[in-house]
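The values are calculated or read from the model by the stated rules, or taken from the named source; none is laboratory data. Fair warning: this is a prediction, and the values are worked out from it, not measured in the lab. No Cβ is skipped: glycine too gets one built from the backbone with ideal geometry, and neighbour counts run over all protein chains shown. These accessible areas exclude ligands, DNA and RNA; they are computed on the full protein's heavy atoms, side chains included. Shrake-Rupley method; radii C 1.70, N 1.55, O 1.52, S 1.80 Å.
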Amino acid sequence: MTIMSSFGPLTILSIVLLVVGVIVSGAEARPRAFFVFGDSLVDNGNNNYLATTARADAPPYGIDYPPSHRPTGRFSNGYNIPDLISQRLGAESTLPYLSPELRGNKLLVGANFASAGIGILNDTGIQFVNVIRMYRQLEYFKEYQNRVSALIGASEAKNLVKQALVLITVGGNDFVNNYFLVPNSARSRQYPLPQYAKYLISEYQKLLQKLYDLGARRVLVTGTGPLGCVPSELAQRGRNGQCAPELQQAAALFNPQLEQMLLQLNRKIGSDVFIAANTGKAHNDFVTNPQQFGFVTSQVACCGQGPYNGLGLCTALSNLCSNREQYAFWDAFHPSEKANRLIVEEIMSGSKAYMNPMNLSTILALDANT
């Protein structure tokens, strides 16, 4: 994987835009709004406000998050992917939609609607009970737009959404916390794995169409990571340190179909609205060759217990590594901040193998000229 591509004229222009991080309209300049949907990989703390076990609001979560070094609800030792994208946009991090701080001009930054434990399907993550499922995240997005309309007027609110960047990360839980959650799960009895992956794609397409209908015009859509290689699956399903084959097969079925579905949606719309972010490929690069990226291990989680620190939750009683920079995984499921930074580098400047049809630097350059 090439983290930094060579610097051509377009890349230099992109860097300037990233530093500025604004949408310019006539004499006005304001930060580009950013909206986030999905699961625990991108949740900035919505679940802190919900009665659910899917929370990251206790130490050692947030141990490297500045300036407090305290848990924020992010499933990370520090920044997550939305934080790092916000930084590249020159904007502050989006607040969780349920945060009481999200009011007034803070609304113009955007909002994070993501909720740990959810999936494409409404029956995914039912064990977590009170989480914000995808249909509800989209309802909140509509509610958000009404709130912004009351603040700046309907026309300006529509413009803000149209010019915004959107990130959606969902799908992994539909395998881990649904199809493979227990032996002979309801979904596994209903569908063989290839048909299940196809069903997920068809349901995902409906969600993305709704997102488009709500005004989203630049949407980064990430695939799943190497599901069978996370410490939790190594501990429970892997053999002799090998990734769990069933979950790897699930990712191998899901990700290419997702990319094709996004390209088909774009053709139907007649515009490159949806961008396929192959974060699974980016993640797999440092899972298969951790030393190349400065990691000591991509198998053992920094925080946890049991084999590979992959059993149970990351808590104050868990094993905790002293140098998070050396670990690709923070806990049993989630990448470390350093791994998130590597993924965001590919989102920004990756080739078409990682970002199809274009990377975020190119998107920012194009949008600045329209």
Tell me yes or no: at least one residue of segment 171-190 is in contact (Cβ under 8 Å) with a residue 12 or more places away in the chain, open to solvent by 50 Å² or more (accessible area, probe 1.4 Å) and either part of a helix (DSSP H, G or I) or not aliphatic (A, V, I, L, M) (or both).
yes
Filtering helices (runs of 4 or more DSSP H) wholly in segment 214-326 for at least 1 residues that are open to solvent by less than 50 Å² (accessible area, probe 1.4 Å), among the β-branched types (V, I, T) and within 30 Å of N146 (Cα to Cα) gives 245-269
So, first residue without any contact (Cβ under 8 Å) to a residue 12 or more places away in the chain in segment 282-298, second residue surrounded by fewer than 17 Cβ atoms within 10 Å (Cβ to Cβ) and part of a helix (DSSP H, G or I), Cβ within less than 8 Å, six or more apart or across chains; the pairs are none
Considering residues that are crowded, with 19+ Cβ neighbours inside 10 Å, among the β-branched types (V, I, T) and part of a helix (DSSP H, G or I), the number found within segment 145-170 is 2
Take K142 and decide whether it is closer than 30 Å to V176 by Cα, outside any loop (DSSP other than H, G, I, E, B), out of contact with any Ser or Thr (no Cβ under 8 Å at 6 or more places or on another chain) and open to solvent by 10 Å² or more (accessible area, probe 1.4 Å). yes
Any residue at all in segment 209-220 that is modelled with pLDDT of 95 or more, hydrophobic (A, V, I, L, M, F, W, C), within 23 Å of L89 (Cα to Cα) and over 17 Å from the mean Cα position of the chain (by Cα)? yes
Only one of L102, L211 is free of Cβ contacts under 8 Å to residues at least 40 places away in the same chain and open to solvent by less than 10 Å² (accessible area, probe 1.4 Å), namely L102
If we keep only residues of segment 277-289 that are more than 15 Å from A252 (Cβ to Cβ) and among the small types (G, A, S), then the residue modelled with the highest pLDDT is A277
For segment 21-50 the number of residues that are in a loop (DSSP other than H, G, I, E, B) and at pLDDT below 95 is 4
Is it true that some residue in segment 215-231 is in contact (Cβ under 8 Å) with a residue 60 or more places away in the chain and at positive phi? yes
G62 farther than 27 Å from K210 by Cα, open to solvent by 10 Å² or more (accessible area, probe 1.4 Å) and assigned to a loop (DSSP other than H, G, I, E, B):
no
